[in-house]
Amino acid sequence: MSVSDSEIFTNKDNEFIAWYPNALTPEGSASVWKPRRAAYYVHIPFCTAICDYCGFSVEKAKGAPTERYLDSLRREIERYIKDGRLANHRFECGHFGGGTPSVLEASQLLSIKKLLHDSLNIAPDAEITAEVNPISFTLEKAQAYYDGGINRISFGLQSFNDKVLKVLGRPHRVSDSEEIIKIIRQVGWTNYSLDIIYGVPGQTMEELREDLKRAADTGSTHISCFRLQVVPYTALKLREAAGQLPEQSPMEVLNEMDHVVAEALAGYGYRQYGVFDFAKPGYETVHNAIAFAAPQADYIGFGNSAYSFINQHVFVNYAQKEAYEKAIAEGKDPIAFAKKANMQEMMSRYFVLGVKFLRVPRSGFISEFGVEPEKIFGSVLERLLNSGMLKRDGDDYVLTSKGRYYVNNVSKEFYVGENVGKRQYLQFVSNLSPKQMQEYHQLHAARR
């Protein structure tokens, strides 16, 4: 066969190509069966009382068939274990959230933890967190948690001001929170987090500063601060529509509160490592490092409304508790919605979630995907850099203070394909009673 000038091969290659990539090294053998980093989450959808601002899938524990739900939860976990779905994962943290996990008997919660820890590859130093609230957490329960291996507490106190708590519709008062903090210290926890809500109607700047000071004075190693969002179809939204809330501060004051939170906590020795999260050095939560910070790892959620990311799939369980229990009873996975992420979405996800924790390393992107992020998101990165939303710090992209304010806007700049323009899907289960729901619709109809 003659070779013309237009042909690109002069010799026929007879090598039998059996695998690719072919740049193998002896050092690479150590990673073949290396377990994947992972975290687990367990949803407990029960509360002593439902707070007025709550938009989560929860219900009052009193009179609720809690044991039926816990049986479904155990069966879901056992399904994963029996099928070996999590065999190649090493769990560096676990989180019991809700709802209010502390509303359960300690033995109930610890039996779920034991099932997981007896069956999964759990790191010896794994961070295991339980969310607690004042009304349902006692010294006896705290001691059982501590002895049972719960090594971190997340305490939803929300405010040290009874007026603010009343506006939020919280069932506890400041004296209850002070008692729980004493219990946490007495039992021996040194690693615990406090939740603070700010931007509450009628709240002053000085009241916010006092909340932050008192939170820091507890010795808490971690503080999460959330600006109040009045969610539709909640009791707080109903009260707002009825004109029963104090006057809300203007937007410029609420924006200033964002800055006050960051500045005040920095002054108390907390480093902001996420949009809402502040920690003493070395106490950044592992949960966030696994689920959000780039490069993200696998995350498996158990229980109704729990979401997961594993095997390149994002999926969410049924939010309605009855639908979740029905699927389990029928021997099915209780997954309501799912999607396998393609490679473009995996690269997008690296930044979409990563920017929420302020710093996104280029090196991790290159290691994970084999390409520089500028080759994929060059125009987006250039636009965010030029607008002052991002800056370069060494080899990392870092959110500026301006970028932190617009963090969700920045995050969505990295959306790709059919995700562009779509909102986060939410299976909303309203906590309003039928009577409240009727009042809600009547008030909103009258305001049209």
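No value in this document is a laboratory result; all are computed from the given coordinates. Small disclaimer: the values here were computed from a predicted structure and weren't measured. Every residue, glycine as well, gets a Cβ built from its backbone with ideal geometry; the counts of neighbours run over all protein chains shown.
Which one, 320, 304, 149, is farthest towards the positive end of the dipole of the chain when Lys and Arg carry +1 and Asp and Glu -1 on their Cβ?
The residue sitting most towards the positive pole is 320.
For every other residue with a beta carbon closer than 15 angstrom to the beta carbon of residue 160, add +1 if it is Lys or Arg and -1 if Asp or Glu, then tell me the sum.
-2
With r defined as the distance between the Cβ atoms of residue 147 and residue 15 and R0 fixed at 41 Å, what FRET efficiency is calculated, to the nearest 0.05?
0.05
Which of the lysines could a cross-linker bridge to residue 332, judged by Cα under 24 Å and excluding same-chain residues fewer than eight apart?
82, 113, 114, 321, 340
Which order do 268, 283, 198 fall in if you start with the one that has the fewest other Cβ atoms within 10 Å?
Ranking 268, 283, 198 by Cβ neighbours within 10 Å, fewest first, gives 268, 283, 198.
Only Lys, Arg, Asp and Glu count, each charged at its Cβ (+1, +1, -1, -1), so figure out the dipole size of the range 248-316 about its Cα centre, rounded to 20 debye.
Using only the charged Cβ atoms, the result is roughly 260 debye.
Hey, got the dipole for the chain? About the Cα centre, +1 on K and R Cβ, -1 on D and E Cβ, debye to the nearest 20?
860 debye
Using a simple spin-label model with points 7 Å from Cα along the Cα→Cβ vector, what separation in nm is obtained for residue 22 and residue 401?
If labels sit at residue 22 and residue 401, their model points lie 5.6 nm apart.
Relative contact order for the chain using alpha-carbon pairs under 8 Å, separation at least 6, rounded to a whole percent?
16 percent
Can you give the angle from 0 to 90° between the axis of helix 66-82 and the longest principal axis of the chain, with both taken from C-alpha atoms, to the nearest 10?
Value to nearest ten degrees: 10.
Taking the Cβ of residue 393 as the center, what net charge do the other residues with Cβ under 13 Å away carry, scoring Lys and Arg +1 and Asp and Glu -1?
+2
Across bins of 20 angstrom width beginning at 0, how are the C-alpha pair distances of the chain distributed, in whole percent?
Bins of 20 Å from zero give 21, 55, 19, 4, 1 percent of pairs.
Within the chain, what is the longest stretch that has no GluC sites (Glu not before Pro) placed in a DSSP loop and near at most 15 other beta-carbon atoms within 10 Å?
106-246
Tell me which residues come under 5 Å, amide H to amide H, from residue 59 once H is placed; ignore anything under 5 positions away on its chain.
Residues meeting the criterion, in which the H sits 1.01 Å from N, are 46, 47.
If you fit an axis through the alpha-carbon atoms of helix 251-267 and take the longest principal axis of the Cα set of the chain, what angle between them do you get, 0 to 90°, nearest 10?
Long axis of 251-267 versus the principal axis of the chain: about 80 degrees.
Between residue 87 and residue 62, what is the FRET efficiency for a Förster distance of 30 Å, r being their Cβ-Cβ separation, to the nearest 0.05?
0.15
As I understand it, the dipole of the range 208-314 uses +1 on the Cβ of Lys and Arg and -1 on the Cβ of Asp and Glu, about the Cα centre. Which of 208, 287, 276 lies farthest toward its positive end?
Farthest towards the positive end: 287.
Within 15 Å, Cβ to Cβ, of residue 231, how many net charges do the neighbouring residues add up to if Lys/Arg are +1 and Asp/Glu are -1?
Taking every other residue near residue 231 into account, the sum is +2.
Choose one of 408, 65, 225: the residue whose Cα lies farthest towards the positive end of the charge dipole of the chain (beta-carbon charges +1 Lys, Arg; -1 Asp, Glu; about the Cα centre).
65
On the principal axes of its Cα set, how long, how wide and how thick is the range 36-291? Give whole Å, largest value first.
Computed over the range 36-291, the largest-to-smallest principal extents equal 54, 42, 32 Å.
Using a Gaussian network model on the chain with a 10 Å cutoff between Cα atoms, which of 137, 160, 337 fluctuates the most?
Comparing 137, 160, 337 in the GNM, the peak value goes to 337.
Among 114, 422, what is the fewest-to-most ranking by other Cβ atoms within 10 Å?
The fewest-first ordering by Cβ neighbours comes to 422, 114.
With charges set only on the Cβ (+1 for Lys and Arg, -1 for Asp and Glu), what does the dipole of the range 184-263 come to about its Cα centre, in debye to the nearest 20?
Rounded to the nearest 20 debye, it is 380 debye.
For the chain, find the longest principal axis of its Cα atoms and tell me its angle to the long axis of helix 434-446, 0 to 90°, nearest 10.
Roughly 80 degrees between the two axes.
With a/c under 1.5 counting as rounded, go ahead and sort the range 170-320 into rounded, prolate or oblate using the C-alpha gyration tensor (a ≥ b ≥ c being the square roots of the eigenvalues; past the cut-off, prolate if a/b is larger than b/c, else oblate).
Oblate, since a/c reaches 1.5 and b/c is not below a/b.
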